[in-house]
Amino acid sequence: MNKRHIIGILFVLLISCIVICKELSTINIATLIKDANFINVFYCVLIFVTLAFSFLCESFILVILNYEQNSLIPPFWSFVRVSLVQSLFNAITPMSTGGQPAQIVALKQMGISVGKATSVLLMKFIIYQISVFGIYIFAFVTCFQSILAKFDGIAVFIFIGFILHISSIIFLLFILFAHNFTVKLTKKIGNFLFYLIKSKKLSNWQNNVLNQINNFYVEGEKLRSNKMKLFCCFCLTLLQLLCFYSVPFFILLALNLNCSWLAVTKINVMNTLFMSIVPIPGAEGGAEFGFQKLFSTFIDSKSLLVLALFLWRFATYFLEIILGLIFWTIKPKKHY
């Protein structure tokens, strides 16, 4: 962790304090405390159990992808550490760009080579993107129309987030299943741009993209050659995503509100798409705005809505930062 990351943490804390103070100024504190006294402890515990299960699923995915016959297997907690370190650096870097490099460092600290760590994370990324593809499509098709009718302003940003995510996933699918076509298309686009703009940087960009395409294709072929490993990781990724997206449902139950799991989960997916285009670490400000707008369809009371926001933000963001910092300071033993 360098100076830039520490600044990121301080920036996140500053913005969070501003957001919290702003939200508290809009409600009666006595009413908030009264509502907090009626929180259902059982469902509150389930919030954190669900999150823990989500991290465990991701850790098992890393174990499976890293497994090789006749090789030493690091202790399971080391892979849990990798997942939490990823969450930490996703939370403190814009657009969650710090998670992947941090995972490579964490795997290297376990004694895994950078090459193998990169290979494992590429396979994990491919599985994740294919898994989330179906969830995004289903949630968008069944939920976007109602959001557009009620919140047309935020719906525009959700649509942009959806298009960006789906476009990148479709491009990844083209790499995996139409590799030669994708390479030819990339070369033609690069050559056309180079014809318009003579630039060495553009040429380097084209070469870098082609290398990335080949890397994704190679890792995709590795996955396809081991169908059992692919199936297990795919199932675990779906469980991981469903657990993470289910957190707001348990928050509403903890606040003694009756709601549909499917409806709440779809709204949470929409909020995730909105958050994905906010270029601030942790989507600070945007995350809170999106949550309050979208989840106001389930919560009539302003104080309950703010309480739900605090629970959600703590469970899915600040707790990850705290645990990530703790596990980052605990260095694992090398096992290779």
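Percent relative contact order of the chain, based on C-alpha pairs within less than 8 angstrom and at least six residues apart? So the answer I get is 35 percent.
Our estimate of slack between I33 and M95, defined as 0.36 nm per intervening residue step minus the Cα-Cα distance, is 18.9 nm. Length gained on full extension, W77 to F53: 7.3 nm, using 0.36 nm per residue less the C-alpha separation.
Using the Cβ-Cβ distance between F194 and S225 with R0 set to 30 Å, the FRET efficiency from 1/(1 + (r/R0)^6) comes to roughly 0.25.
With 0.36 nm allotted per residue and the present C-alpha distance subtracted, the V45-E68 stretch has 4.6 nm of extension available.
Treat every Asp and Glu Cβ in region 32-162 as -1 and every Lys and Arg Cβ as +1, leave all other atoms uncharged, and give the resulting dipole magnitude about the Cα centre to the nearest 20 debye.
On the way: 6 positive and 4 negative charges, 34 e Å.
Here region 32-162 has a charge dipole of around 160 debye.
Scanning the chain for long hydrophobic helices, with DSSP H runs required to stretch 20 angstrom or more by C-alpha along their axis and to average at least 1.6 on the Kyte-Doolittle scale, returns 3-24, 41-66, 152-177.
Take the Cβ-Cβ distance between I15 and T329 as r, set R0 to 25 Å, and report the resulting FRET efficiency rounded to the nearest 0.05. Provide the component values of the computation, followed by the final result.
Details: r = 24 Å, r/R0 = 0.97.
Computed FRET efficiency for I15 and T329 comes out at 0.55.
The convex hull around the C-alpha trace of region 229-336, projected and averaged over every direction, spans 9.4 square nanometres.
Calculate, in whole percent, how much of the Cα-Cα pair population of the chain lies beyond 37 Å. Summing the P(r) tail past 37 Å for the chain gives 22 percent.
Computed over Cα pairs, the Kirkwood radius of region 279-336 leads via Stokes-Einstein (1.567 mPa s, 4 °C) to a diffusion coefficient of 96 µm² per second. Which aspartates and glutamates, if any, have their Cα less than 17 Å from the Cα of K34, not counting same-chain residues under 8 positions apart? Within reach: E23, D300.
Using bins of 10 Å that start at zero, the share of Cα-Cα pairs per bin across region 129-201 amounts to 17, 32, 27, 20, 5, in whole %. Under the simplified labelling scheme, the Q145-T26 pair shows an inter-label distance of 3.0 nm, with each label point 7 Å from Cα along Cα→Cβ. In whole Å, what is the distance between the alpha-carbon centres of region 63-141 and region 205-275? One Cα centre to the other: 12 Å.
So how strong a dipole does the chain carry about its Cα centre when Lys and Arg Cβ are +1 and Asp and Glu Cβ are -1, to the nearest 20 debye? Kindly include the intermediate steps, with their values, before the conclusion.
On the way: 26 positive and 11 negative charges, 246 e Å.
With Lys and Arg at +1 and Asp and Glu at -1, about 1180 debye.
A viscosity of 1.306 mPa s and a temperature of 10 °C, combined with the Kirkwood radius over C-alpha pairs in the Stokes-Einstein formula, give region 57-122 a diffusion coefficient of 133 µm²/s.
Hey, got the dipole for region 72-224? About the Cα centre, +1 on K and R Cβ, -1 on D and E Cβ, debye to the nearest 20?
Numbers: 13 positive and 3 negative charges, 103 e Å.
Dipole of region 72-224, to the nearest 20 debye: 500 debye.
Each peptide in 302-310, 267-275, 219-227 was scored by the mean count of other Cβ atoms within 10 Å over its residues; highest first, the order is 267-275, 302-310, 219-227. In this label model, Q212 and S260 are separated by 3.8 nm, measuring between points 7 Å along each Cα→Cβ vector. When the C-alpha to C-alpha distance is required to be over 27 Å, the pairs from K150/K302; K227/K266; K124/K150; K124/K188; K116/K266 that qualify are K227/K266; K124/K150; K124/K188; K116/K266. Placing a label point 7 Å from the Cα of S168 along the Cα-to-Cβ direction, the residues of region 274-300 whose backbone N falls under 13 Å from that point are 274-279.
Here region 104-154 is treated as an ellipsoid with the same Cα gyration tensor; its semi-axes, largest first and in whole Å, are 39, 12, 6.
Given the rule -39500 (n - 2.57) for each run of at least 4 DSSP H residues, summed and divided by the residues of the chain, what is its mean residue ellipticity at 222 nm, to the nearest 500 deg cm²/dmol? Could you put the intermediate results ahead of the total?
Numbers: 15 runs with 266 residues, N = 336.
So the helix-based figure for the chain works out to -26500 deg cm²/dmol.
Every read-out reported here was derived from the displayed coordinates using simple, explicitly stated rules and does not represent laboratory data. Fair warning: this is a prediction, and the values are worked out from it, not measured in the lab. Here Cβ is always computed from backbone atoms with ideal geometry, including for glycine, and neighbour counts include all displayed protein chains.
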